[in-house]
């Protein structure tokens, strides 16, 4: 069993071996030499460090684990055994129903139109008590009632998703396009609609500030991004407080959820928020290299082997194109990190079947040599592999099945 509680000392008090690449990456090559590529690993010490660091950064409010950024049940279970973590933020109803077999606090982070899944939820007393659906429109309630009226089903727990983006007079909409509910009046009106309808119980609210949590502030556009994020934080503090005050008179809520890995300090300091969500910071995707306030360890990585040499200065590995979600730009591609000095080709990038690599180190690579990559976000590698190999020290000590390895493919 994966145990992250064996050493619960503060994250900053332990050696950070990953800060010495010339030891960190060759160690993983040695540990996995007996395994065929592609090979994916999770380092035990790095995962433990990241889990503890997230708690420190959240400032004491509980963290709900975002499963889409993990997709490994043993990791979810191990993290949830750490004091300070509670509950799962899931990404599909089918996944939530599966996880509800062993977990009792699951919030579906997105609305659903899965009629088959809803049919099951509506007539399952245990699942209905463990899963909270996300809604932001009356049509979500109507869909549920069209499947089974309130007198023919379980009472359904729901949470409201409110838009946490920033609306700038100059720059327009800053953030992701999520809920149509923006103001306190919007949210309060919908909340009243929910509490008036039989068969529903309003238990929570979610506001995810993607423009802060998912946007690094230490890159080429840092001055503009920091200004936008500062304005957005000011707006959110006021708007969240107004929404929280409005809802207090309508329904007693169990949680007010906010944040993500990239904004935990801000979320934890917002008095309106009762819990934060985080997931990608556990495995430490490379996108977080562009943040000033924290530096997660590269807890997960994957490697491919060299299979051809088109020219003296190019080495090609088999595989590579494990691309993250979002705009199809370079930041969403995996990054070759060892040997140092490798880069993908501008016209090919990380390919579905092969990835040519160039750079000084490419001249020294031979057929069968292993090249390590870091993922951009965190969930994408798990959809390509059946298991992560858990590494401790210089050896593989366990296999951790992914959702895919357990025969599940939700999204």
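Each value in this text was obtained by applying a stated rule to the coordinates, not by laboratory testing. What you see is a predicted model; the values in this text were computed from it and never measured.
At q = 0.12, 0.21, 0.23 Å⁻¹, what is the base-10 log of I(q)/I(0) for the stretch 207-284 according to the Debye formula with one equal point scatterer per Cα and no solvent? Please give it to two decimals.
Listed by q, the Debye log ratios stand at -0.37, -0.94, -1.07.
What is the ratio of the Cα radius of gyration of the stretch 71-278 to 2.2 N^0.38 Å, with N the residue count, to two decimals?
The reported ratio for this selection is 1.05.
What is the Cα coordinate range of the stretch 145-238 on the first, second and third principal axes, sorted by size from largest, in whole angstrom?
57, 23, 20
Run a plain Debye calculation on the stretch 1-135 (Cα atoms as equal point scatterers, no solvent) and give log10 I(q)/I(0) at q = 0.14, 0.17, 0.18 Å⁻¹, rounded to two decimals, same order as the q list.
-0.77, -0.97, -1.03
Over all directions, how big on average is the projection of the convex hull of the alpha-carbon atoms in the chain, in square nanometres?
The directionally averaged projection comes out at 20.4 nm².
Principal axis extents for the stretch 127-173, Cα atoms only, whole Å, descending order, please.
50, 22, 10
Whole angstrom only: what separates the Cα centroid of the stretch 334-364 from the Cα centroid of the stretch 133-173?
44
On C-alpha positions alone, give me the angle between the axis of helix 44-58 and the longest principal axis of the chain, in degrees, nearest 10.
Long axis of 44-58 versus the principal axis of the chain: about 40 degrees.
Can you bin every Cα-Cα distance in the stretch 69-132 into 10 Å intervals starting at zero and give me the percent of pairs per bin, rounded to whole numbers?
Calculated over all Cα pairs of the stretch 69-132, the distribution is 22, 55, 21, 2 percent.
Gap in Å between the Cα centre of the stretch 58-87 and the Cα centre of the stretch 201-280?
That distance is 18 Å.
Of the residues 65, 107, 306, which exhibits the maximal mean-square fluctuation in a Gaussian network model of the chain defined by a 10 Å Cα contact cut-off?
306
Take the Cα pairs of the stretch 305-374, get the Kirkwood Rh, then feed it into Stokes-Einstein at 10 °C and 1.306 mPa s and tell me D in µm²/s.
Value of D from the Cα-based Kirkwood radius: 134 µm²/s.
Round to the nearest 10 and give me the degree value, 0 to 90, for the angle of helix 21-31's Cα axis relative to the longest principal axis of the chain.
90
When the convex hull of the C-alpha atoms of the stretch 1-80 is computed, what volume per residue in Å³ does it have?
With only Cα atoms used, the stretch 1-80 gives 123 Å³ per residue.
With everything on Cα atoms, drop me the angle between helix 184-196 and the longest principal axis of the chain, reported from 0 to 90° to the nearest 10.
The angle comes out near 70 degrees.
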